[in-house]
Structures are given as C-alpha cells and as structure tokens.
Amino acid sequence: MPFVDLALARRLEMAQAWRGVRGARAHQELHPTLPIQVEPLAGGYLIYTGDGMPINRAVGLGVHGPVTPADLDLAEQFYRRRNLPPRIDVCPLADGSLLELLRLRGYRLEKFYSVLLYPLSEPAALNPAPAGIRVSRAGPDDAELWLKTVAQGFEETDSPTQATLDILAPNFYTSHAACFFAWIDGQPAGGGGMYVHEGVAEFGGASTRPEFRRQGVQTALLYARLAAARVQGCDLAMALTSPGSASQRNIERVGFRLAYTKATLIQG
C-alpha cells in the first residue's frame, strides 16, 4: 500500500472529479435541453447535471492550493442560481483554507465516504470468477440491459424507475468507461463500471440483483475490473463507499485498503 500523501490524494481526487465532468458531458448528450454546467474552480470542478442528480457538488477544491473567499463565493453562486444548497467535497489532505472557510460560513457535515485504494503495480494474482459466474464486458448495444440490471440491484425490484435509469445512464455512456456484466445461469446477475483518468481506474456503478446476492457476483466483477485496469496501463484502482458498508467489506476482501475518509459538507 503506497503512502497516501498530498500528491497521491490529488490523483485520486482528480480521478473522481473527472469522472463527474465526463459524466456531466455524457448526460448532456443524452438530454441536450437540460441546463447542465461544469466550471473549473480552485483546482477542482463545480458540477451540475440537473435536479436530483447525486453529482451536483464541487469536487477537488483545495488539493492544488489555497481556496479563497472569492472562490467559495463563486461556488455558492453557482449552486444558488440553480436553487440548490452548495455541496462541497472535502479531502482531508486539501489545503486548510477550505475547511476554515466552510466553518466560517456555517457549512455542516452531510456524508462521509471511504476512499479505498489498490496498487496495481503489485504482481497480478490469478483469481478466477467463483464457480457458476461468468464476467463479460458490455458492448455499445448492451446499454439498455446493463442499465436495467444495475438499476434492479440498486432499487431491489425487477421494474426500476426511469429516474434511477437516468441517474445511472452516464455511468455507461461516459467516455473512458468500461462496463461489465456478471452472469449466472445465463441471466445478468449484476454489473459494474470502471472509469479511467491518468492511470487511476475508479470502480463504481456496481450492484447485484437481489436474487443473485451472496454468490460472489461483486467479487467476480472486482477481479475482472482489476485485470482490465492493468491491461489499460493503470497503476492504481480506487473506489468510494459508505463507511462500514457491505460494499466496503466486499472491496477490502479483494485487497483494497482505506486511503482516507472524505466528507461532503452542505450549506444551510
């Protein structure tokens, strides 16, 4: 496990930020009339992809240097103009000016994230999928099936809502993405995505349909994506989870380790 210093944290934060930027661009292509907007600020990005979208927040602020009151003014105006409370992701290695400004302006904690890391420079282990599970990469014509499969896992229903499908769609259509299926008895049991930026492969958009859980679906998808990341020349894989969740447990079982815990702060 590499030492997590500011340089490494910067790579991880930029990988996540660019996943959001590219996801916003993909969402714009899918919905040309939506007022989607992305703006660079203080080394990171302000992202808005439409009402109700989870990526509507600032990512990467402060990891390249101090954040000024004027920077935070711009971030707050960006979201207030869209009738949203400002949400700011805070990496614990970001410049201290960011946290101080948020404190002075009355921001409160909304959520923690575990940032998990896997160094791909280590020799690859042979880890075949558990018996009865086959993993395949989704092709361009598999979008509808992949989105439905992953949405079924998230909503725990065979008939997911259009809102969930819309939220998940950028995970498939974004550039630099690779999406995978896990199959059991010829049925799509689950899916997961991989999003590459400058040698960092972020894993996300993963779920298992309820009837196929506890059979090793996510383990198979994780190993398949680790192998794919190596083929693409990545030296790091990362994933974000809720702390202490089943997702974090599954990810740590294949060798990921906690790099740091980050937070989302919200004003109001």
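The values are calculated or read from the model by the stated rules, or taken from the named source; none is laboratory data. Note that this is a predicted model, so its numbers are computed, not measured. Cβ sites come from the backbone with ideal geometry, for glycine too, and all protein chains shown count toward neighbours.
For this structure, a couple of remarks:
- Residue 171 meets all of the listed conditions (1) more than 25 Å from residue 50 (Cβ to Cβ); (2) in a helix (DSSP H, G or I) but one, namely (1).
- Residue that is nearest to residue 159 (Cα to Cα), among those in the range 204-223 that are hydrophobic (A, V, I, L, M, F, W, C) and buried (at least 24 other Cβ atoms within 10 Å of the Cβ): 206
- Within the range 37-52, considering residues that are surrounded by fewer than 20 Cβ atoms within 10 Å (Cβ to Cβ) and in a loop (DSSP other than H, G, I, E, B), the one modelled with the highest pLDDT: 50
- No other residue among 10, 82, 105, 19 is closer than 27 Å to residue 167 by Cα and either surrounded by fewer than 15 Cβ atoms within 10 Å (Cβ to Cβ) or out of contact with any His (no Cβ under 9 Å at 6 or more places or on another chain) (or both) apart from 82.
- Options 163, 178; residue that is modelled with pLDDT of 95 or more and more than 17 Å from residue 189 (Cβ to Cβ): 178
- Of all the listed residues (231, 217), the sole one being free of Cβ contacts under 8 Å to residues at least 24 places away in the same chain, of a type in the set (Val, Ile, Thr) and out of contact with any helix residue (DSSP H, G or I) (no Cβ under 8 Å at 6 or more places or on another chain) is 231.
Condition check ((1) in contact with an Asp or Glu (Cβ under 8 Å, 6 or more places away or on another chain); (2) of a type in the set (D, E, K, R); (3) outside the structural domain of residue 169 (by TED's automatic domain parsing)) across all residues:
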residue	(1), (2), (3)
204	no, no, no
225	no, yes, no
243	no, no, yes
264	yes, no, yes
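- Residue selected from the range 88-141 under the condition touching a Ser or Thr at 6+ places or on another chain (Cβ under 9 Å) and part of a loop (DSSP other than H, G, I, E, B), by the criterion modelled with the highest pLDDT: 92
- Filter result (within 20 Å of the chain's Cα centre (by Cα) and at positive phi) within the range 55-72: 60, 62
- Applying a threshold of 9 Å to beta carbon distances and a minimum spacing of six or more residues, or different chains, the list of pairs starting in the range 62-84 at a residue that is outside the structural domain of residue 48 (by TED's automatic domain parsing) and in a loop (DSSP other than H, G, I, E, B) and ending at one that is at pLDDT 95 or above and exposed (fewer than 12 other Cβ atoms within 10 Å of the Cβ) is empty.
- The numbered conditions (1) surrounded by 21 or more Cβ atoms within 10 Å (Cβ to Cβ); (2) more than 22 Å from residue 115 (Cα to Cα); (3) in contact with a strand residue (DSSP E or B) (Cβ under 6 Å, 6 or more places away or on another chain) are all true for residue 147 except (3).
- Residues being assigned to a strand (DSSP E or B) and small (Gly, Ala, Ser) - total across the range 191-246: 10
- Flag for residue 72 being more than 30 Å from residue 228 (Cα to Cα) and modelled with pLDDT under 95: no
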